[in-house]
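Any read-out appearing in this document is the output of simple, stated calculations on the displayed coordinates, not a laboratory observation. All values reported here derive from a predicted model rather than from experimental measurement. All Cβ positions, glycine included, derive from the backbone under ideal geometry; neighbour counts span all protein chains shown.
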Amino acid sequence: MHDEVNAAVPESLSAGASEEVFGEALPQAEKYAELLAGTGVQRGLIGPAEADRIWERHLLNCAAVAHLLPARCSMVDLGSGAGLPGIVLAMMLPQARVTLLEPLARRVDFLTEAISELGLSNAEVVRARAEDLAGQVSADVVTARAVAPLDKLAGLALGLLRPGGRVLAIKGSTAEAELAKARPVLARLGVADARVVRAASPGGEATATVVTFTAPEHRNASAPGIRASGHATSRGPTRGGRAGLPAGPPGTRKGRPNSRRGGG
């Protein structure tokens, strides 16, 4: 069974290394690995070949990003998919407020079940596209992993950020080339400080290559779904919390789902 064999903490994290990375969140990380290797594979959120490398390729990769975020922040995980990196960051940053943004119903169902089973009171699921919430959300940080090319991702993410907020896009070995290609678009959108960061846990057990940049100090009308007035061009959830995120207890809230787009 995947959830009994492949979800085990790998030997590379022996001798307390797993506790160094996840700390008090380790029991949640182990449970999440079981969910990914079991239900996640069964529902097609994680490929069967990925079940054997959930820790090395996915959990550790996402855990490294936690060190780039403030302990207290509002965060939107764009195209959350199976919850990578959103669920991992919600586990590691219990004082952060995390919104898992995902349009596909089967992924939303998995995310909702996962945050319930993991007891993540600081996370909620919103079923919507980024375009649906553009101009209505004002997060401190937007994260993304395997969602879209950087030039397209930038426009989607900026519509969800407060002025001066940050984007953290987890990328692979081609991050430098992708950033170079996207620079003309980023310049047009008015972003600042676009660069590639090599994120790592304190002991170096968890690593990730991240493209990060800062939103302009005003809403940019060039971002998809935003008029010059700063309002979204499509209807979506209208209730907002103090940080600009959907209000209410953690759970699932609906925008306008679109089965053509997914993420992470």
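Excluding residue 83 itself, what net charge comes from residues whose Cβ is under 11 Å from its Cβ, given Lys and Arg +1 and Asp and Glu -1? Intermediate results must be reported in sequence, preceding the final value.
Details: positive: 107, 145; negative: 77, 102, 113.
Counting the neighbours of residue 83, the net charge comes to -1.
What does the net charge come to around residue 25 if you take all other residues with beta carbon closer than 11 Å to its beta carbon, with K and R at +1 and D and E at -1?
Net local charge, residue 25 excluded: -2.
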List, in order, the whole-Hz ³J(HN,Hα) value for each residue of region 140-148 obtained from phi through the Karplus relation with A = 6.51, B = -1.76, C = 1.60 and θ = phi - 60°; use x for Gly and Pro.
6, 9, 10, 10, 7, 8, 6, 9, 6
Provide 171, 31 in ascending order of the number of other Cβ atoms located within 10 Å of each residue's Cβ, fewest first.
31, 171
For region 191-208, in residue order, the Karplus 3J(HN,Hα) values (coefficients 6.51, -1.76, 1.60; θ = phi - 60°; whole Hz; Gly and Pro = x) are 6, 10, 6, 6, 7, 9, 10, 9, 7, 8, 5, x, x, x, 6, 10, 9, 7
Non-local amide H neighbours of residue 171 (under 5 Å, H modeled in plane, Pro and chain starts lacking H): which ones?
209, 210, 211
Here the Kirkwood hydrodynamic radius of region 21-97, Cα-based and in Å, equals 12.7
